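Notes follow once the structure below has been shown.
The values are calculated or read from the model by the stated rules, or taken from the named source; none is laboratory data. In this text the structure is predicted, and so the values were computed from the model without any measurement. Neighbour counts run over all protein chains shown; Cβ positions are idealised from the backbone, glycine included. In case anyone asks, the SASA skips ligands and DNA or RNA and just uses the protein heavy atoms, side chains included. Shrake-Rupley method; radii C 1.70, N 1.55, O 1.52, S 1.80 Å.
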Amino acid sequence: MRIGVITFPGSLDDRDAQRAVRLAGGEPVALWHGSHDLEGVDALILPGGFSYGDYLRCGAIASLSPIMTEVVDAANKGMPVLGICNGFQMLTEAHLLEGGLIRNDHGSFICRDQVLRVENASTDWTREFDAGQQITIPLKNGEGGFIASEETLDRIEGEGRVVFRYVDVNPNGSLRDIAGISNERGNVVGLMPHPEHAVEPGFGPDTAAAMRSGIDGLGFFTSVVRRTLVEA
Amino acid sequence: MTTETSPTAASQTVEPGDPAAADAELIEAPRTARLDTVEVAATTPEKEQPYAALGLKPDEYERIRNILGRRPTSAELAMYSVMWSEHCSYKSSKVYLRQFGKKVTPEMKQHLMVGMGENAGVLDIGEGWAVTFKIESHNHPSYIEPFQGAATGVGGIVRDIISMGARPVAVMDALRFGAIDHPDTARVVHGVVAGISFYGNCLGLPNIGGETWFDPVYQANPLVNALAVGVMRHEDLHLANAKGTGNKVVLFGARTGGDGIGGASILASDTFAEGGPTKRPAVQVGDPFAEKVLIECCLELFAGDLVEGIQDLGAAGISCATSELASNGDGGMSIVLDEVLLRDPTLTPEEILMSESQERMMAIVRPEKLDGFMEVVRKWDVETSVLGEVTDTGRLSITWRGEEIVNVDPRTVAVDGPVYERPVAYPSYLDALQADTTESLARPADDAGDELRAQFLQLVGSANQADAAWITNQYDHYVLGNTALASPDDAGMIRVDEESGLGVSVATDANGRYSQLDPRAGAQLALAEAYRNVAVTGAKPMGVSDCLNFGSPENPEVMWQFAQSVEGLADGCLELGIPVTGGNVSFYNQTGDVPIHPTPVVAVLGVIDDVARRIPSGWQDDGHNIYLLGD
Amino acid sequence: MPTIVVEVMPKAELLDPQGKAVAGALARTGHGSISGVRVGKRFELTVDGPIDDDVKTEVAALAENVLSNSVIEDVVGIHYEQSNAELAEEAVGAASAHHDGYDAPAGETH
Amino acid sequence: MPTIVVEVMPKAELLDPQGKAVAGALARTGHGSISGVRVGKRFELTVDGPIDDDVKTEVAALAENVLSNSVIEDVVGIHYEQSNAELAEEAVGAASAHHDGYDAPAGETH
Ligand SMILES: Nc1ncnc2c1ncn2[C@@H]1O[C@H](COP(=O)(O)OP(=O)(O)O)[C@@H](O)[C@H]1O
């Protein structure tokens, strides 16, 4: 199971995403934004960071990268694609996902351990969860406010494409507490919080059991790794 | 070296269109008059030069003339003035800082791979790993433009770490602000915190700790001290020197613009003038994205063994990089200044030499490796130009439009600057201050429950006791996935080796009030606190970096405080058996004649063989016992 | 060098937290007469050659596809550096056209 | 509702990382004719009452002190919604004045 992690200039969590894939039992493949070659990977991750400094609009310049042509193609053919934070922003800029991400309503960057409810456990990236399950993974962004027109919001809600919702605290003013969404097919998922930072005991969010022991993010990666194993 | 300027300057900065510009011959003249070449300088000894406006004293200017055997060209004057500024030359502090190198035992040197004097100190932490760390100030720029000042402070210290060959892995910030309810404090606090957050987060470096303190003494002179930690394999160590005749001198990173020109000297030589509207000097604007790309680009250059020597550009820009690289190497270098890629084509050669544009590096590259070097910079879209080469002449020669505008012995610029033993005086106020103890305070009456209650609430409600989460929540501490401890723990901790769990722990501490009462003891208390904060995480303290924030060195009472602090710190380190590996001195922190409290910020770094055994500061489980150690 | 200005604003019907924050700050500091603020972007593009129809077409496309994201933003103005005669002519023309405060503040062209 | 537009740009002599990144992206995607980009802000302020001299004075001060940071930015334009007649008049006036490409792109008033 080979999962490509694309590095853009300004990507920051690319090595963390690779580590997460490894810990989930997959083989991470480092891909470069300037290439047109997906190197035969089975799934793709667009990692977090500040690609091109997040100048212009978050993810906007990266979405013009050469490799994005292949990403859009592969996504449309059903390849699992996960966009985390800046990766989510790129997916909206590339119009693979609806809506847009704007500056947090409180105006500041925020880093916190965030509780999410998994609303849809049938996407490629959430199979290992149960619908309604609450998970805690880190959130860290300055421009994570999800917006879309009322009509779009109604539609994606109606189609069950709100995959994650913020619980307890809406950290950035996202409409309808939306933390992540998917495309119609459920292979493309984007979310603002960072599952790759909650995969290794000792370096994740605090839990009731012990500090930094949370590994709720691992399910994202095992969802894809295991499914492809089953199919293979 | 980062850029540190004093706000003063403000009133001296020349802006285009400003009538004052007419006087600032150095800056204006070359645009209109003929080039001030070495040849011209030799034949026009009588020409008056604006050395005073550039922060040089008459005797310093005389000394330059003696060194050169003629008057300096305007370009040479620019270089000497910035490099001989307090900030770059350490001319007032050098005689004291030597103690850090002298008061050491063989045991203290055991793990020291690179000591003071380089961009940052390097410690051997075992398993083939080395770690480098340094703390530096960006105080004055952060008062003028808090967001950009603090942001570029982080940028500067991170470049110091890269230039050692290391991958930066964490940052910390030690902050001092004025009174929390002063109307200007909000501007400074929110700007500084947002700037650190913006730059550090965008670079992808976890912020693992720091300090925040409010005191009216820092009102118009906040302290923004930024620390960075980097790790490398032993063999990746790089130093800033230009060796090997014929090797190329390459400038890469951002283009050179008119940022903070003259900042390092005109600006750092004086104190903040009171009264009158503040006319603001040009500040540097940081581009963390450019720096992130520069980090990855440099690491790839190091991995490909494509550079012989490397130096970051900060205060004094190209003046500093060329003269320091040449001094530390074979001594000669020839530069064609026209090759510098400019953001603003109207810059004069003097301005190019002094520009403090951020996110630039200078490398020494073997000719046969130049193609490989260019391939890597192209991959990262980093603009690069070859400025010249290393020579065996012992001279730093710089040409512009085909004519020589600089011809100096680089050591006279970078190494053999003036050194002062400034007068020291025991502060006249100190005995009275020390005598004014709590003894003289009224005792509460027996039935003063309400009074005690009010005092207690006042104490716990103090800004300095408050949770710093509103700051630390703006900092990413997850990125890179190796943060073992961060706020609210006493020290930050980073895993260095993912296999073995080898890691380092760092804490910064200082208490300006203790230092005001007794600078010697104050410095030692700061050291002891940082040492304890590292020790309680389970790490073994190994080394110290310090940022010494003081008032004007021309004030003998401040100089006394400085002398006491350094001696205290050096003695303390000797006692604890850990070396000072590097640091930074920031003088002229004062408003009018009133200096800040002496604030020596001490950072201690320790090593732990497996971060899984770290000890956090929070309660972990029900039923644990609580012990109080010490007395 | 010829300059082209492109103006982009967040869509009127969507949230603009930045504008809201500025409006809040103004209200708190006693500027009650300002009842609303929206914050958008202003791009200044410099072109080497003359601004001919090709350049105009190119910039119009860039404005829609790169400089703005049509899901959340509108391009509210593109101004080409024009001769003063053209400027005057246009303004006279504008004088007889309808002006809507929000969509096209004074002096805007699209 | 009456609208006032305030335009703020990064100072010309300072680095504009945003503009640099956008210019780089345009160059990479084949828009070589655009040689430089600077990115600033565009504020739209709505006021409840009429735009009289008091409001203009207030907005001019706000533009300098709140909407821009004079250390690193310049206010390059303030446009008040004006009657069309005024607009036309102004433009005709402008037609006889000198226009500098960078400082005042077409249609700017200050
Ligand atoms: N400016 C800052 N940047 C990063 N971390 C900070 C900052 N200020 C405080 N902290 C962190 O917040 C926590 C509490 O700080 P402090 O109150 O100074 O602790 P203590 O009183 O235990 O020394 C520590 O983990 C410290 O590292």
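A few notes on this one:
- Each principal axis of segment B:63-194 carries a Cα extent, and these read 54, 48, 27 Å when sorted largest first.
- Once C binds D, the 1.4 Å probe can no longer reach about 4100 Å² of accessible area, counting both sides.
- At the residue level, B:Thr472 shows approximately 30 square angstrom of accessible surface with a 1.4 angstrom probe and all protein chains present.
- Accessible-area order (highest first, 1.4 angstrom probe) of the listed residues A:Arg185, A:Arg212: A:Arg185, A:Arg212
- Separation in nanometres of the label points that stand 7 Å from Cα toward Cβ, at B:Glu300 and B:Asp593: 5.8
- Normalised contact order of chain B, rounded percent, pairs of Cα under 8 Å and 6 or more residues apart: 19
- Selected from A:Gly49, A:Gly34, A:Gly87 as most flexible by GNM, with chain A as the system and alpha-carbon contacts under 10 Å: A:Gly34
- Probing with 1.4 Å while keeping every protein chain in the model, the per residue accessible area of the protein assembly as shown equals 37 Å².
- Nearest-0.05 FRET efficiency for B:Ala186 and B:Leu430, computed from C-beta distance (R0 30 Å): 0.35
- Between D and B, roughly 1100 Å² of accessible area is buried in total, ligands, DNA and RNA not counted and the probe set to 1.4 Å.
- B:Phe562, A:Phe203, ranked by accessible area, largest first (probe 1.4 Å): A:Phe203, B:Phe562
- Within chain A, the longest run free of GluC sites (Glu not before Pro) that sit in a DSSP loop with at most 16 other Cβ atoms within 10 Å is A:40-158.
- Here r is the Cβ-Cβ distance between B:Ala448 and A:Arg112 and R0 is 51 Å; the resulting FRET efficiency, rounded to 0.05, is 0.75.
- About its Cα centre, the protein assembly as shown has a charge dipole of approximately 2620 debye under the convention of +1 per Lys or Arg Cβ and -1 per Asp or Glu Cβ, with nothing else charged.
- Pairs over the 23 Å Cα-Cα cut-off, from the set C:Lys11/D:Lys11; A:Lys140/B:Lys292; B:Lys248/B:Lys379; B:Lys243/B:Lys292; B:Lys91/B:Lys243: C:Lys11/D:Lys11; B:Lys243/B:Lys292; B:Lys91/B:Lys243.
- Computed over segment B:486-631, the P(r) curve from all C-alpha pair distances, binned at 10 Å from the origin, holds 12, 36, 29, 16, 6, 1 percent per bin.
- Under the simplified labelling scheme, the A:Val167-B:Thr346 pair shows an inter-label distance of 6.1 nm, with each label point 7 Å from Cα along Cα→Cβ.
- Cα centroid separation - segment D:43-73 against segment B:489-567, whole Å: 47
- Average Cα contact separation per residue, segment A:2-231, under 8 Å, 6 or more apart, as relative contact order %: 20
- B:Asp236 versus B:Thr105: modelled label distance in nm, points set 7 Å from Cα along the beta carbon direction: 3.3
- Kirkwood Rh (inverse of mean 1/r, distinct Cα pairs), chain B, angstrom: 25.0
- Based on Cα atoms of the protein assembly as shown, Rg over Rh with Rh as the Kirkwood radius reads 0.96.
- Nearest-0.05 FRET efficiency for A:Ala131 and A:Glu184, computed from C-beta distance (R0 22 Å): 0.80
- When all protein chains stay in place and ligands, DNA and RNA are ignored, the 1.4 Å accessible-area order of D:Lys20, B:Lys109, largest first, is B:Lys109, D:Lys20.
- Across the copies of the chain, C:Ala25 has label points (7 Å from Cα along Cα→Cβ) spaced 2.4 nm apart, shortest distance listed first.
- Calculated SAXS-style log₁₀ I(q)/I(0) at q = 0.08, 0.10, 0.12, 0.15 Å⁻¹ - segment A:2-231, Debye, Cα scatterers: -0.24, -0.38, -0.56, -0.92
- D:His79 contributes an accessible area of around 10 Å² to the protein surface, as traced by a 1.4 Å probe with all chains present.
- One compactness figure for segment B:70-118 is 1.68, namely its Cα radius of gyration divided by 2.2 N^0.38 Å.
- Length-normalised contact order of segment B:475-542 in % [C-alpha pairs under 8 Å, at least 6 apart]: 23
- Rolling a 1.4 Å probe over the protein heavy atoms leaves A:Tyr52 with an accessible area of roughly 10 Å².
- Anisotropy class of segment B:277-348 from Cα gyration tensor, a/c 1.5 cut: oblate
- Whole-percent carbon and sulfur share, accessible surface of segment A:2-231, 1.4 Å: 47
- Span-like helix check, chain B: qualifying full DSSP H segments, with Cα axial length of 18 Å or more and mean Kyte-Doolittle of 0.5 or more, are B:146-162, B:185-203, B:288-303.
- Helical segments meeting 18 Å axial Cα length and Kyte-Doolittle -1.0 threshold in chain A (DSSP H): A:218-231
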